[in-house]
């Protein structure tokens, strides 16, 4: 199968069709959609690591590491300061519903990347996934950066896929950032 | 000894603790709502006013030459101010400290603000959602600094606290009760619907000249109180049905079932089954007994609880049963008038009709598929009534479709709990999306 990148017009048409399984909520405006990409905004919940009495965390027991993280829920007009070298989990405000013929990678938008905020890993969004993907954000800069809910901080780059059946993700239908579950 | 000096010291300590509590909350401005900020500013004014007034009056009593008289006056002064500080500690501090964004359903705040403005137009009323560790939900007007300090010249600021259980932050059932029934109380207070009913003196407690026989004055007073309190609850239930439609009824047994027996009356509320009967009747009259899927449930409730109004009062305190029975008798007859007054006092665009059902069914389909339903078509938001009714339809179906989507199951207690949590999350996300797009009334 040849992997292709959908055009802006194709994406807009699919997102606005009632019958298409590809959906993003709220429906992106024309400005949010690019060639093969859709800009996504950050949500209102952040999970940030706290200093604790845990000496270390075993990589094979991620749920234990979750104990290090504290949830901060912002109000829509609130803000969150990301300190230098801080690692936080957040999620997109947009809720994605991927069809079987598309998959995507979430990456930081260049404007934020140049300020030092990057999505630490390019999160893979598989065919059939539904939910607000969790973002792993790091501030690589030397100064704190203030984030506000609904900033278009990242984008999903889309490419064609050819999946035959939905295999629900362990994070299917999540609406808030989730800490890692035990690897399967 | 507990003299004026000791009282003054204790009062100073409490004021200090109060100031520290305020500072603690103010130090986290990122999680404060606008309402909370206004309340904190107002509380600062109250604390400063209390401190200054107290200090000035304390020193004024220096002029009293009689030492005993001075001591008595100062003790009385302390007592008065202790009451004020108690009011602040009891009523305002929990609201302040329980309103952190992680404890309350912040996504509901814009909806609550909108509902309060619509229910009480022209009033400078600031709503504040706060959570409590116990399973309690209530609405209450809070005293402002102007009221506390009896300052008639101060600006006319009012606060409305809305308490929700912390455990139910994302609970659809609680959202429905908060936006329907609790907001119904505000509509009732604003429009004097229940208050307008002046209960007649029961025949059996009258003298030959028609006046109250004083031998029954205690029972009569209890009767008047029951009419006032139960009347408020019934009127709020009517408003809830008018504002939200079927979900007002469907969510009710779930919320009340956690704390009360279905057929037990209480001092403040008529038994839940009587209220279910009222809501089923109200929804039938407004056409919701005919809507797809939920109509049958409304009819079922109406049939199951058809006799709830005829049933004798079941009150724990036997001394009050007669008064409560009389209250119920007159209230039952007043219900048609309550309904008329509720409808007349509510703007037509705020009354939900079966016309929303097409959108509600479409929204239900979205939720079933594991999708949020805040938007019914590109860029167009659903109303809160559409979202909550849609969610309840998914619950009525037993969550099976949604369970399949998330790769879970809805056959075991644990499985149901997990799927319900996903549904709650989808509904909260739907409300957030609708808020952003400009939710219709």
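The values are calculated or read from the model by the stated rules, or taken from the named source; none is laboratory data. Since the structure is predicted, the reported quantities are computational estimates derived from the model, not experimental observations. We place every Cβ from the backbone using ideal geometry, glycine too, and count neighbours over all the protein chains shown.
Of all residues in the range B:133-148, those satisfying the criterion of being surrounded by fewer than 19 Cβ atoms within 10 Å (Cβ to Cβ), more than 15 Å from residue B:89 (Cα to Cα) and at pLDDT below 85 are B:133, B:134, B:135, B:136, B:147.
Applying the selection to the range A:124-135, what residues are buried (at least 18 other Cβ atoms within 10 Å of the Cβ) and assigned to a strand (DSSP E or B)? Working first, answer last.
We begin by selecting, within the range A:124-135, every residue buried (at least 18 other Cβ atoms within 10 Å of the Cβ); these are A:125, A:127-135.
Those that are buried (at least 18 other Cβ atoms within 10 Å of the Cβ) and assigned to a strand (DSSP E or B): A:125, A:130, A:131, A:134, A:135.
For the residues B:48, B:36, the requirement of being more than 14 Å from every other protein chain (Cβ to nearest Cβ), in a helix (DSSP H, G or I) and either at negative phi or in contact (Cβ under 8 Å) with a residue 12 or more places away in the chain (or both) singles out B:48.
Restricting attention to the range B:89-113, the residues that are under 15 Å from the mean Cα position of the chain (by Cα) and within 14 Å of chain A (Cβ to nearest Cβ) total 7.
For the range B:190-209, a residue qualifies if it is touching a residue at least 60 places away in the same chain (Cβ under 8 Å) and within 14 Å of residue B:346 (Cβ to Cβ), and the qualifying residues are B:190, B:191, B:193. Taking the criterion of being under 20 Å from residue A:104 (Cα atoms), within 14 Å of chain B (Cβ to nearest Cβ) and in a strand (DSSP E or B), the only residue of the range A:143-184 that qualifies is A:174. Looking at B:26, B:69, which one is away from every other protein chain (no Cβ under 14 Å) and either touching a helix residue (DSSP H, G or I) at 6+ places or on another chain (Cβ under 8 Å) or under 25 Å from residue B:130 (Cβ atoms) (or both)? Step by step, each of B:26, B:69 is checked, and only B:26 is away from every other protein chain (no Cβ under 14 Å) and either touching a helix residue (DSSP H, G or I) at 6+ places or on another chain (Cβ under 8 Å) or under 25 Å from residue B:130 (Cβ atoms) (or both). Of the residues contained in the range B:414-422, one or more are found to be closer than 25 Å to residue A:19 by Cβ and either in contact with a strand residue (DSSP E or B) (Cβ under 9 Å, 6 or more places away or on another chain) or in a helix (DSSP H, G or I) (or both).
If you check residue B:120 against the conditions, is it surrounded by 17 or more Cβ atoms within 10 Å (Cβ to Cβ), within 15 Å of the chain's Cα centre (by Cα) and over 30 Å from residue B:257 (Cβ atoms)?
yes
Residue-by-condition table, conditions (1) outside the structural domain of residue B:267 (by TED's automatic domain parsing); (2) in a helix (DSSP H, G or I); (3) closer than 24 Å to residue B:245 by Cβ:
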site	(1), (2), (3)
B:292	no, no, yes
B:308	no, no, yes
B:313	no, no, no
B:327	no, yes, no
B:338	no, yes, yes
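Counting residues in the range B:394-407 that are at the interface with chain A (Cβ under 9 Å from one of its Cβ atoms), surrounded by 23 or more Cβ atoms within 10 Å (Cβ to Cβ) and within 18 Å of residue B:111 (Cα to Cα) gives zero.
Applying the selection to the range B:362-381, what residues are within 28 Å of the chain's Cα centre (by Cα) and more than 9 Å from every other protein chain (Cβ to nearest Cβ)? Talk me through it step by step, then tell me what you get.
Kept after step one, since they are within 28 Å of the chain's Cα centre (by Cα), are these residues of the range B:362-381: B:363-364, B:367, B:372-375, B:381.
Within the range B:362-381, B:363, B:364, B:367 qualify.
Among the residues of the range A:23-46, those identified as within 13 Å of another protein chain (Cβ to nearest Cβ), in contact (Cβ under 8 Å) with a residue 40 or more places away in the chain and part of a loop (DSSP other than H, G, I, E, B) are A:26, A:28, A:41, A:43, A:44.
Okay, residues lined up against (1) assigned by TED's automatic domain parsing to the domain that holds residue B:46; (2) touching a strand residue (DSSP E or B) at 6+ places or on another chain (Cβ under 8 Å):
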| site | (1), (2) |
| --- | --- |
| B:66 | yes, no |
| B:69 | yes, no |
| B:73 | yes, no |
| B:85 | yes, no |
| B:90 | yes, no |
| B:104 | no, yes |
| B:107 | no, no |
| B:115 | no, no |
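Sort out which residues of the range A:55-108 are assigned to a helix (DSSP H, G or I) and touching a strand residue (DSSP E or B) at 6+ places or on another chain (Cβ under 9 Å), and write them in order of number. Selection gives A:65, A:66, A:68.
Could we say that residue B:435 is at pLDDT 95 or above, at the interface with chain A (Cβ under 10 Å from one of its Cβ atoms) and surrounded by fewer than 23 Cβ atoms within 10 Å (Cβ to Cβ) here? Here the answer is yes, as residue B:435 does meet what is asked. Flag not set for residue A:13, criterion: within 14 Å of chain B (Cβ to nearest Cβ), over 21 Å from residue A:132 (Cβ atoms) and part of a strand (DSSP E or B). Residues considered: A:67, A:75. Of these, the only one that is more than 18 Å from the chain's Cα centre (by Cα) and within 13 Å of chain B (Cβ to nearest Cβ) is A:75. When the test is whether a residue is within 23 Å of residue B:180 (Cα to Cα) and assigned by TED's automatic domain parsing to the domain that holds residue B:282, residue B:343 passes it. Residue B:204 meets the stated requirement of being out of contact with any strand residue (DSSP E or B) (no Cβ under 9 Å at 6 or more places or on another chain), at pLDDT below 95 and either assigned by TED's automatic domain parsing to the domain that holds residue B:387 or surrounded by fewer than 23 Cβ atoms within 10 Å (Cβ to Cβ) (or both). Filtered by the rule that a residue be touching a residue at least 60 places away in the same chain (Cβ under 8 Å), away from every other protein chain (no Cβ under 14 Å) and closer than 26 Å to residue A:73 by Cα, the range A:93-131 gives A:106, A:109.
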